[in-house]
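The values are calculated or read from the model by the stated rules, or taken from the named source; none is laboratory data. Every value quoted in this text rests on a predicted model; they were computed, and no experiment measured them. FYI the Cβ positions are ideal-geometry reconstructions off the backbone, even for glycines, and counts take in every protein chain you see. Ligands, DNA and RNA are excluded from the accessible area calculation, which covers all protein heavy atoms including side chains. Shrake-Rupley method; radii C 1.70, N 1.55, O 1.52, S 1.80 Å.
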Amino acid sequence: MSLLVASLVAVLAVWMGACAWTGFQLNIKRFIAVLIIGLGLNMIWMMGWLNAHPLEINALIAQASAVLYGLCAFAAGWFAGRIHRAWVASRVDQSDV
(Lines give C-alpha, C1' and ligand atoms only; values in the text may rest on other atoms or scores of the structure.)
Protein backbone atom coordinates (compact mmCIF):
# COMPACT_ATOMS: atom_id res chain seq x y z
CA MET A 1 0.00 0.00 0.00
CA SER A 2 1.39 3.37 -0.95
CA LEU A 3 1.89 6.17 1.53
CA LEU A 4 -0.86 8.22 -0.12
CA VAL A 5 -3.45 5.45 0.17
CA ALA A 6 -2.40 4.71 3.75
CA SER A 7 -2.77 8.37 4.71
CA LEU A 8 -6.20 8.59 3.05
CA VAL A 9 -7.35 5.48 4.92
CA ALA A 10 -6.02 6.97 8.17
CA VAL A 11 -7.88 10.24 7.57
CA LEU A 12 -11.07 8.30 6.82
CA ALA A 13 -10.64 6.27 10.03
CA VAL A 14 -10.12 9.42 12.12
CA TRP A 15 -13.14 11.08 10.51
CA MET A 16 -15.33 8.03 11.11
CA GLY A 17 -14.06 7.89 14.69
CA ALA A 18 -15.12 11.51 15.15
CA CYS A 19 -18.56 10.67 13.70
CA ALA A 20 -18.84 7.70 16.07
CA TRP A 21 -17.78 9.84 19.05
CA THR A 22 -20.50 12.40 18.29
CA GLY A 23 -22.97 9.52 18.12
CA PHE A 24 -21.72 8.18 21.44
CA GLN A 25 -22.30 11.60 23.00
CA LEU A 26 -25.56 12.02 21.03
CA ASN A 27 -24.50 15.46 19.82
CA ILE A 28 -26.31 16.11 16.53
CA LYS A 29 -24.93 19.62 15.94
CA ARG A 30 -21.33 18.45 16.32
CA PHE A 31 -22.03 15.50 14.02
CA ILE A 32 -23.36 17.80 11.31
CA ALA A 33 -20.23 19.95 11.66
CA VAL A 34 -17.95 16.89 11.42
CA LEU A 35 -19.96 15.61 8.44
CA ILE A 36 -19.71 18.92 6.58
CA ILE A 37 -15.96 19.14 7.25
CA GLY A 38 -15.49 15.61 5.96
CA LEU A 39 -17.56 16.27 2.85
CA GLY A 40 -15.62 19.45 2.21
CA LEU A 41 -12.27 17.69 2.52
CA ASN A 42 -13.51 14.90 0.26
CA MET A 43 -14.61 17.41 -2.39
CA ILE A 44 -11.30 19.28 -2.14
CA TRP A 45 -9.47 15.98 -2.64
CA MET A 46 -11.56 15.05 -5.66
CA MET A 47 -11.40 18.47 -7.30
CA GLY A 48 -7.76 19.23 -6.50
CA TRP A 49 -6.00 15.93 -7.04
CA LEU A 50 -8.41 13.88 -9.13
CA ASN A 51 -9.61 16.76 -11.36
CA ALA A 52 -13.26 15.84 -10.86
CA HIS A 53 -16.05 18.33 -11.39
CA PRO A 54 -18.37 18.88 -8.40
CA LEU A 55 -21.54 17.72 -10.18
CA GLU A 56 -19.93 14.78 -11.98
CA ILE A 57 -21.76 11.53 -11.27
CA ASN A 58 -18.68 9.85 -9.77
CA ALA A 59 -18.10 12.80 -7.43
CA LEU A 60 -21.73 12.75 -6.33
CA ILE A 61 -21.56 9.01 -5.67
CA ALA A 62 -18.38 9.51 -3.62
CA GLN A 63 -20.08 12.25 -1.59
CA ALA A 64 -23.17 10.07 -1.04
CA SER A 65 -20.90 7.24 0.08
CA ALA A 66 -19.16 9.56 2.53
CA VAL A 67 -22.54 10.61 3.95
CA LEU A 68 -23.51 6.96 4.42
CA TYR A 69 -20.14 6.18 6.06
CA GLY A 70 -20.68 9.08 8.46
CA LEU A 71 -24.26 8.08 9.26
CA CYS A 72 -23.26 4.46 9.90
CA ALA A 73 -20.42 5.56 12.18
CA PHE A 74 -22.80 7.92 14.02
CA ALA A 75 -25.33 5.09 14.44
CA ALA A 76 -22.66 2.71 15.73
CA GLY A 77 -21.52 5.35 18.22
CA TRP A 78 -25.11 6.03 19.27
CA PHE A 79 -25.69 2.32 19.83
CA ALA A 80 -22.49 1.97 21.86
CA GLY A 81 -23.47 5.03 23.89
CA ARG A 82 -26.90 3.63 24.52
CA ILE A 83 -25.40 0.36 25.79
CA HIS A 84 -22.94 2.31 27.95
CA ARG A 85 -25.68 4.48 29.46
CA ALA A 86 -27.84 1.41 30.19
CA TRP A 87 -24.85 -0.35 31.74
CA VAL A 88 -24.12 2.61 34.02
CA ALA A 89 -27.82 2.97 34.95
CA SER A 90 -28.05 -0.71 35.94
CA ARG A 91 -24.97 -0.60 38.15
CA VAL A 92 -25.45 -2.07 41.62
CA ASP A 93 -23.83 -0.19 44.50
CA GLN A 94 -22.58 -1.87 47.67
CA SER A 95 -25.42 -0.29 49.65
CA ASP A 96 -27.99 -2.02 47.41
CA VAL A 97 -26.63 -5.50 48.00
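Only Cα pairs under 8 Å and 6+ residues apart enter the sum, and on that basis the relative contact order of the chain stands at 40 percent. Packing-based ranking of 43-52, 66-75, 1-10 yields 66-75, 43-52, 1-10, ordered from highest to lowest mean Cβ neighbour count within 10 Å. Per atom type, the chain shows carbon and sulfur on 74% of its accessible surface, probed at 1.4 Å.
Annotation: per residue accessible area for the stretch 12-77 equals 64 Å², rounded to a whole number [probe 1.4 Å, protein chains only]. In whole angstrom, the stretch 43-96 maps to an equivalent ellipsoid with semi-axes of 45, 9, 5, each derived as √(5λ) from the alpha carbon gyration tensor and ordered largest first.
Under the combined filter of DSSP loop state and at most 16 neighbouring Cβ atoms within 10 Å, the stretch 52-93 retains these trypsin sites (Lys or Arg not before Pro): 91.
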